[in-house]
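Student: Starting off with a structure, shown below.
Values quoted throughout were computed directly from the atomic coordinates according to the rules given, and no laboratory measurement underlies them. A quick note: this is a predicted structure, and the numbers were derived from the prediction, not measured. Note that each Cβ is placed from the backbone with ideal geometry, even for glycine, and that neighbours are counted across all protein chains shown.
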Amino acid sequence: MRESVAVGSAAASSAAARALRPTRAEVNLAALRRNVNRLTELAAPAELWVVVKANAYGHGALQCARQALAAGARGLCVALVQEAVELREAGITSQIMVLSEQSPHAADLLVAHDLTCVVYNQHYIAALSAAATRAQRQVKVHLKIDTGMHRAGVDPAQAVELARHIVTAPGVVFEGVMTHLATADDPHHPATQRQLAQFEHVLADIRAVAPQVRHVHSANSAAMLRGLAASASAAVQGAFSYTMVRAGISAYGLSPGDGVANLTTSLEPVLRLRTEVSHVRRVRAGEGVSYGLRTTLDRDTTVATLPLGYADGISRRAWQTDARVLVGGRRRRILGVVTMDQMMVDCADDTVQVGDEAVIIGTQGTEQITAEDWARALDTITYEVVCDISSRVPRTYGEQ
């Protein structure tokens, strides 16, 4: 009993210490629900499934999963069996799809937690079938077809044969057929239409083998925003209709890419990343800042230190880019390399004090820094920006 009390006290102390840290990612649950509501309407009559892999793209998987389901999502998608099990153990009972094949050794765990499995290899289907038979249960599977992205999925030429294998596998329920679009965020790229045409051609052949398939899906966030989820040709409508979409980054109010950014204006960013100034000093012209003294000041400058760094998810090379943070309602450039736990910003001749708020992502006064701003500055995508916010940054959840 003493040991339990001690462990509990340690956990309470750890939580208290995290609460004292001024650096935090503030997650607006009301904004998330509003986004899911809008996307549900956009996807209709198809079902909306929300992707909560990678800790809900840095936003908090369990909290976001609950809110997404409350707002109308019909299911959830994750990347790893461990992500799905954590949701199940926290009480999530909705359908959860694991988007890629896992180790065959995970088959018993997948079946035990009633997880929907994406499949594209015969040995994985056999492992799931054996696990379902042992447990005297059934496991739902969705066959993934590689129509051109060449990351994962069965070759279209082999898809019908694999579909036959699924139909005859004991304990396996053939619930869906899917693909993933490589260039949906670029409306001018011809590959998307080629992929969809390939997918629809294979669907027509699979119908003869598995007429009982319930779900057909190809749309990620970008495809859904472009209306591709409902644009099946007459040929595929004769075989199956698109019945679900997989909304990832859009659920969190972020753009899948510049090519579709104009389609996200009705969505609200869910996450705000902020901290407080921890140190201020006046530094003379000619002095260097941070490791390597790579930034040399060309004038006397007020340098503010912020208590977060690359261990928290801020790129070490941000100082070399157009990335900015907000202090005192103004955009501030980063001085010198971002260190593991701290970064320095140029506050010119402005009055700045320890404890002043600094905003890395979000709004302060009339200025705003977005995840899209960071993505453009770092030549990356919004997904990486928010996923990089590390687990040591406390998440707080509120309603706005």
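Student: Quick one: order 117, 64 by neighbouring beta-carbon count within 10 Å, fewest to most.
Tutor: Working: 117 26, 64 29.
Listing 117, 64 from fewest to most nearby Cβ atoms yields 117, 64.
Student: Further question: Explain nothing, just compute: Karplus ³J(HN,Hα) = 6.51 cos²θ - 1.76 cosθ + 1.60, θ = phi - 60°, for every residue of the stretch 23-31 in order, whole Hz, x for Gly and Pro.
Tutor: These are the phi-based 3J(HN,Hα) values: 6, 7, 9, 9, 10, 8, 5, 5, 5 Hz.
Student: Looking only at 61, 19, 130, which one moves most when the chain is put into a Gaussian network model with springs between Cα atoms under 10 Å?
Tutor: It is 19.
Student: Build a GNM of the chain with springs between Cα atoms under 10 Å: which of 149, 344, 224 gets the top mean-square fluctuation?
Tutor: Greatest mean-square fluctuation among the candidates belongs to 149.
Student: Another question about this same structure. Once phi is turned into θ = phi - 60°, what whole-Hz ³J(HN,Hα) does the Karplus curve with 6.51, -1.76 and 1.60 give for every residue of the stretch 285-298, x standing for Gly and Pro?
Tutor: Each residue of the stretch 285-298 in turn: 4, x, 7, x, 10, 6, 3, x, 6, 6, 9, 9, 6, 9 Hz.
Student: Which length gain, in nm to one decimal place, applies between residue 121 and residue 193 when the Cα-Cα distance is subtracted from 0.36 nm times their residue separation? Present the calculation step by step, with values, prior to reporting the outcome.
Tutor: On the way: separation 72, 0.36 × 72 = 25.92 nm, distance 2.55 nm.
Taking 0.36 nm per residue and subtracting the Cα distance, the gain is 23.4 nm.
Student: If you rank 188, 201 by fewest surrounding Cβ atoms within 10 Å, what's the result? The partial results should precede the final answer.
Tutor: Numbers: 188 7, 201 16.
So the ranking, lowest neighbour count to highest, is 188, 201.
Student: Can you list the residues, at least 5 places off or on another chain, whose amide H is less than 5 Å from the amide H of residue 143, using H built in the peptide plane?
Tutor: Those lying under 5 Å, H to H, from residue 143 are 119, 176, 177, 178.
Student: Quick one: 3J(HN,Hα) in Hz for the stretch 213-228, Karplus 6.51/-1.76/1.60 with θ = phi - 60°, rounded, Gly and Pro as x.
Tutor: 4, 8, 10, 10, 8, 9, 7, 8, 4, 4, 5, 5, 4, 7, x, 6
Student: Could I ask something else about it? Name the trypsin sites (Lys or Arg not before Pro) in the stretch 129-209 that are in a loop by DSSP and that have at most 10 other C-beta atoms within 10 Å, would you?
Tutor: Values: sites: 134, 137, 140, 144, 151, 164, 194, 207; in loops: 137, 151.
For trypsin sites (Lys or Arg not before Pro) across the stretch 129-209 that sit outside H, G, I, E and B with at most 10 neighbouring Cβ atoms in 10 Å, the list reads 151.
Student: Any idea which of 252, 219, 71 is furthest toward the positive side of the dipole for the stretch 23-263, if Lys and Arg beta-carbons carry +1 and Asp and Glu beta-carbons -1?
Tutor: Of the options given, the answer is 71.
Student: If you don't mind, another one. In nm, to one decimal, how far is the residue 293 label point from the residue 399 one, both placed 7 Å along Cα→Cβ?
Tutor: Taking the two extended label points, one gets 5.5 nm.
Student: Estimate the FRET efficiency between residue 37 and residue 384 by the formula 1/(1 + (r/R0)^6), using the beta-carbon distance for r and 25 Å for R0, to the nearest 0.05.
Tutor: Once the sixth-power term is evaluated, E becomes 0.40.
Student: Follow-up question, since we're still on this one. To test your reading of the geometry: what angle, between 0 and 90 degrees and rounded to tens, separates the Cα axis of helix 2-20 from the longest principal axis of the chain?
Tutor: It works out to around 60 degrees.
Student: If you take the beta carbon distance between residue 21 and residue 95 as r and set R0 to 41 Å, what does 1/(1 + (r/R0)^6) give as a FRET efficiency, to the nearest 0.05? Don't skip to the end; give the middle numbers.
Tutor: Details: r = 36 Å, r/R0 = 0.89.
In this case the efficiency is close to 0.70.
Student: How large is the Rg to Rh ratio of the stretch 356-400 when both quantities use alpha carbon positions and Rh follows Kirkwood?
Tutor: Details: Rg = 11.9 Å, Rh = 12.0 Å.
Using only Cα positions, Rg/Rh for the stretch 356-400 is 0.99.
Student: Follow-up question, since we're still on this one. How high is the FRET efficiency from residue 354 to residue 62, r the C-beta distance, R0 35 Å, rounded to 0.05?
Tutor: On the way: r = 35 Å, r/R0 = 0.99.
Plugging the Cβ-Cβ distance into 1/(1 + (r/R0)^6) gives 0.50.
Student: Where does the longest stretch of the chain lie that holds no GluC sites (Glu not before Pro) found in a DSSP loop with 14 or fewer other Cβ atoms within 10 Å? Walk me through the numbers before you get to the answer.
Tutor: Details: sites that count: 287, 399.
Between exposed loop sites, the widest span is 1-286.
Student: So between residue 114 and residue 261, what do we pick up on full extension, going 0.36 nm a residue minus the alpha carbon distance?
Tutor: In short, 49.3 nm is gained.
Student: Same structure, new question: Once you place label points 7 Å from the Cα toward the Cβ at residue 149 and residue 282, how far apart are they in nm?
Tutor: Result for the modelled spin labels: 5.6 nm.
Student: To two decimal places, what compactness ratio does the chain give when its Cα radius of gyration is scaled by 2.2 N^0.38 Å?
Tutor: Numbers: Rg = 24.2 Å, N = 400, 2.2 N^0.38 = 21.4 Å.
Expressed relative to 2.2 N^0.38 Å, the Cα Rg reads 1.13.
Student: Same structure, new question: Got a sec? How would 113, 150, 165 order by Cβ neighbour count within 10 Å, fewest to most? All intermediate terms of the calculation are to be shown ahead of the outcome.
Tutor: Details: 113 15, 150 9, 165 18.
The order, fewest Cβ neighbours first, is 150, 113, 165.
Student: If you average 1/r over all unlike Cα pairs in the stretch 262-395 and invert the result, what Kirkwood radius do you get in angstrom?
Tutor: Values: mean 1/r = 0.0661 Å⁻¹.
Its Kirkwood hydrodynamic radius stands at 15.1 Å.
Student: Provide the three semi-axes, in whole Å and in decreasing order, of the ellipsoid equivalent to the stretch 323-377 as defined by the square roots of 5 times the Cα gyration tensor eigenvalues. Could the numbers behind the result be given before it?
Tutor: On the way: eigenvalues 56, 48, 19 Å².
Values for the stretch 323-377, descending: 17, 15, 10 Å.
Student: Report the full-extension gain for the segment residue 392 to residue 161: residue separation times 0.36 nm, less the Cα-Cα distance, to one decimal in nm. Numbers along the way, then the final one.
Tutor: Values: separation 231, 0.36 × 231 = 83.16 nm, distance 4.70 nm.
Here the answer is 78.5 nm.
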